[in-house]
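The structure appears right after this line, and notes come after that.
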Amino acid sequence: MLAKAIHGSLIKSGCEGDMFVDNNLMNLYSKFSNMGDAQRIFDEMPVRSIVTWTTLMKGYLKNGDVGSVFCVARDMCMAGEKFNEHTCSVVLQACRSPEDRVFGEQVHAFVVKNGLQENVVVATSLVSMYCRSGQLGCGEKVFGGISVKDAQCINYMILEYGKEGLGDKALWIFVDMLQSGLKPSDYTFTNLISVCDSSVGLYVGKQLHGLAVKYGFMCKTSLGNAVITMYGQHGKVKEAERVFGELDERSLISWSALLSVFVKNGHSNKAFEIFLNMLQVGVPLDSGCFSTVLDGCSEWNNLKFGIQIHGLAIKLGHVSDVNSGTSLVDLYANCGSLQSARVIFDRLPNKTIASFNAILVGYQNSKIRDDEEDPMGFFSKVRFNGVKPDCVTFSRLLCLSANQACLVTGKSLHAYTIKVGLEDDTAVGNAVITMYAKCGTVQDAYQIFSSMNRDFVTWNAIISAYALHGEGNNVLLLFEEMKEQGFAPDEITMLAVLQACSYSGLWETGLHLFNEIESKYGIRPVIEHFSCIIDLLGRAGNLSKAIDIISKCPYPESPLLWRTFVNVCKLCSDLQCGMWASRKLLDLAPNEASSYILVSNMYAEGGMLEEAAKIRTAMNDLKLFKETGSSWIEIYNEVHYFIANDKDHPQSREIYANLDLL
């Protein structure tokens, strides 16, 4: 209404038709998103200048109609009008996707032909266009060719380097900026501190923080938010809290940044406390805030608090948002409530692959499924609805196939990864290796390993595969090859190698590696390593050495180590030593059913049936129950589950009849 009132007043005063007035009227209408009237004024103008054309294109650009920008630019060329630096900048800003790069390259050619490449505004727009098109290298070349750069141009390049994770390059540009005498802005520091992740380091982040204080920019809330996030990424929770407390003004982003710091660093109580403070202060919550706190509830398996957050999200209308919805799916799936996760997923208006990947966690934690909860059937439904799987999807589905030893399903998934072009993804390849190994075809696992790009997880996967099959010599060969290729072994590598030595009877080699684990490889052994070496020594018949390691290790009172020792006593038929160790075990773990069953089995195998019965009686008196084990077999692409004395299978009568024959 205001724009039309001004327009009417100008017509009444006889100013209509004046090019300067009409240009400003077009600009006014475009600011009110009324491009129809702006286009009408343009069409009725008897004389148009470069400013006229550029103003109309700028209006369409502001309103997100890049197609009309290109159409107006073509009409301008056909009318014989020549672009100036402002026109070039507008057209380049309209190139917002890789598909638009061809228009940007045409403008770039015009810029070079007409000597505009030294214009810093045009050059910055060219850098921006190439970076948006995924051509950072071309953007770097344009940036390097600018002889006189301004702060805005440098800030933009720092931002783009940050997006690509090239923190070192961003810092070098900043150093050049200071050496050239240009003064950085708070925006400069915000972009720089945002790239201080693990590749750049905390030390540089602290230096930039100090420099921002020196320039007097820490009063800017956006910069403070970036500093909070930076300290949180490096685990410096107290420093993040201090910066938050010093902020003059706190936005929702400030509160969310500190909340995220607490969640990512495992401070559950502080995370819940600050969330409650946000409610008390009256901070308007958004879906990102809900997503963060729900992720915390999921990580800490706090379903009770998560349900309360869920109720609040429903009350404030954020439950249908894709971020909050995905976090809710992840919460219920991770906390073992698969049915609730499915209900939330089914109600999401916009299902994404992230929400499907979240629900796969629930399937991984679920042990027994009926036909309605079959993950592959569920995957097919989601895929037919247009949701495209990614590398995380295949990694989790392959993990499910591996855990169930479903080779047919695993091979189908492997074939599908090839079909969709993800066979070269390292994470997917690692999952394929593990799947084939757990399904019993270690040769196929090695074939995948030998033809893929490898990271240290890949080496761990193939070493663990051979260790699982007791091929200790192959494990040692791969271990040496891994080191020759420049990959440093980690805790998982050493555990797999020790297990392989134990299963293969390579006891001297295993003991030698264990003695070198900290001195040579810099790995502090954890309880799993000690358990493995006790098993290795026990199988070698060296029970006295195993006892010595238990007494000298950091975990002398660990039920796991004593359970391992009792088991090797049983394997070695050393009943006397086993009886002594079993008393120690039951004193340390009086409420663990598995310990009682192990001791009972040891007595039974040693012919001490009365003692075995006493242990079982004591277990029953304490009302301890071991979780029922299950087994399964895949026949004609269908998985059949069984437990001991199970008669629920529809063919149980025939199964038991055949067992009797055997």
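Summing Lys, Arg as +1 and Asp, Glu as -1, what charge do residues with Cβ under 15 Å from the Cβ of ILE353 carry, ILE353 excluded? Combined, the nearby Lys, Arg, Asp and Glu give +2. A simple packing score, the average count of other Cβ atoms within 10 Å per residue, orders the peptides 215-227, 251-263, 492-504 as 492-504, 251-263, 215-227, with the highest score first. The angle between the Cα long axis of helix 491-504 and the longest principal axis of the Cα atoms of the chain comes to about 30 degrees, rounded to the nearest 10.
Scaling the Cα radius of gyration of the stretch 304-429 by the globular reference 2.2 N^0.38 Å produces a ratio of 1.09.
Given q = 0.13, 0.14, 0.15 Å⁻¹, what are the Debye log10 I(q)/I(0) values for the stretch 139-266, with equal point scatterers placed on the Cα positions and solvent ignored? Log10 I(q)/I(0), no solvent term: -0.51, -0.59, -0.67. Between the beta carbons of LYS315 and VAL408, assuming R0 = 45 Å, the FRET efficiency works out to 0.45 to the nearest 0.05.
Of the trypsin sites (Lys or Arg not before Pro) in the stretch 582-662, the ones in a loop by DSSP (not H, G, I, E or B) with at most 15 other beta carbons within 10 Å are LYS623, LYS626, LYS647. Relative to the current alpha-carbon distance between LEU624 and ASP455, full extension at 0.36 nm per residue lengthens the span by 56.4 nm. Using the Cβ atoms and a cut-off under 13 Å, what net charge is assigned to the surroundings of PHE487, where Lys and Arg are +1 and Asp and Glu are -1? Computed value for this residue: -3.
Relative to the longest principal axis of the C-alpha atoms of the chain, give the angle of the C-alpha long axis of helix 66-78, reported between 0 and 90° and rounded to the nearest 10°. Helix 66-78 sits roughly 40 degrees off the main axis of the chain. Solvent-accessible surface of the stretch 295-415, averaged per residue with a 1.4 angstrom probe and all protein chains in place: 47 square angstrom. If contacts are Cα pairs under 8 angstrom and at least 6 residues apart, what is the relative contact order of the stretch 416-459 in percent? Relative contact order, the stretch 416-459: 39 percent.
Count Lys and Arg as plus one, Asp and Glu as minus one, and take only other residues whose Cβ is under 15 Å from that of GLU118; the net charge is then +1. Computed from the alpha carbon atoms alone, the convex hull of the stretch 395-478 holds 75 Å³ per residue.
Here is the size of the stretch 450-594 from its Cα atoms: Rg then Dmax, 16.2, 52 Å. What pairs in LYS149/LYS220; LYS483/LYS520; LYS552/LYS584; LYS214/LYS264 have C-alpha atoms more than 18 Å from each other? Over 18 Å Cα-Cα: LYS149/LYS220; LYS214/LYS264. The phi torsions of the stretch 87-92, fed into the Karplus equation with coefficients 6.51, -1.76 and 1.60 and a -60° offset, translate into couplings of 4, 4, 4, 5, 5, 5 Hz, rounded to whole numbers, with Gly and Pro shown as x. Taking each DSSP H run with n ≥ 4 as -39500 (n - 2.57) and averaging over every residue of the chain yields -22000 deg cm²/dmol at 222 nm. Straight Cα distances below 17 angstrom link LYS163 to none of the lysines, with same-chain residues fewer than 8 positions distant left out. Taking all protein chains as shown and a probe of 1.4 angstrom, GLU241 keeps an accessible surface of around 60 Å². Measuring with a 1.4 angstrom probe and ignoring ligands and nucleic acids, HIS310 comes out at about 30 Å² accessible. Based on Cα contacts under 8 Å between residues 6+ apart, the stretch 235-350 shows a relative contact order of 20 percent. Helix 559-572 axis versus longest C-alpha principal axis of the chain: approximately 40°, rounded to the nearest ten. Projection of the Cα convex hull of the stretch 440-529, averaged over all directions and equal to a quarter of that hull's surface, yields 5.6 nm².
Across all C-alpha atoms in the stretch 505-580, the radius of gyration and Dmax reach 12.1, 38 Å.
Accessible-area rank, largest first, for ARG563, ARG74: ARG74, ARG563, with all protein chains present and a 1.4 angstrom probe. In this label model, MET19 and GLU299 are separated by 6.2 nm, measuring between points 7 Å along each Cα→Cβ vector.
The gain in end-to-end length when the GLN576 to GLU249 segment is fully stretched comes to 110.6 nm, 0.36 nm per residue minus the alpha carbon separation. Any idea what % of Cα-Cα pairs in the stretch 17-154 are farther than 27 Å? Cα-Cα pairs in the stretch 17-154 separated by more than 27 Å: 23 percent.
Within a straight-line Cα-Cα reach of under 17 Å, LYS381 can be paired with the following lysines, leaving aside sequence neighbours fewer than 8 residues apart in one chain: LYS351. Straight Cα distances below 18 angstrom link LYS82 to the lysines LYS58, LYS113, with same-chain residues fewer than 8 positions distant left out.
Each of LEU468, LEU171, LEU328 has its accessible area taken with a 1.4 Å probe; listed largest first, they run LEU468, LEU171, LEU328.
Of the solvent-accessible surface of the stretch 528-662, computed with a 1.4 Å probe over protein heavy atoms with every protein chain present, carbon and sulfur atoms account for 53 percent. For ASP424 and TYR521, the difference between the fully extended length at 0.36 nm per residue and the C-alpha to C-alpha distance is 31.9 nm. Each Cα pair under 8 Å and six or more residues apart adds its separation to the average, and for the chain the resulting relative contact order is 4 percent.
In the stretch 230-279, one over the average inverse separation of all distinct C-alpha pairs is 10.7 Å, which is the Kirkwood hydrodynamic radius.
Calculated on the alpha-carbon coordinates, the convex hull of the chain measures out at 242 cubic angstrom per residue. For ASN84 and ILE353, the FRET efficiency from 1/(1 + (r/R0)^6), where r spans their Cβ atoms and R0 equals 30 Å, is about 0.10.
Evaluating 6.51 cos²θ - 1.76 cosθ + 1.60 at θ = phi - 60° for every residue in the stretch 305-320, the Karplus couplings come out as 5, x, 5, 5, 5, 4, x, 5, 5, 5, 4, 8, x, 9, 6, 8 Hz, glycine and proline recorded as x.
The values are calculated or read from the model by the stated rules, or taken from the named source; none is laboratory data. Because the structure is a prediction, the values reported are computed rather than measured. FYI the Cβ positions are ideal-geometry reconstructions off the backbone, even for glycines, and counts take in every protein chain you see. The accessibility values were calculated without ligands, DNA or RNA, using every heavy atom of the protein model including side chains. Shrake-Rupley method; radii C 1.70, N 1.55, O 1.52, S 1.80 Å.
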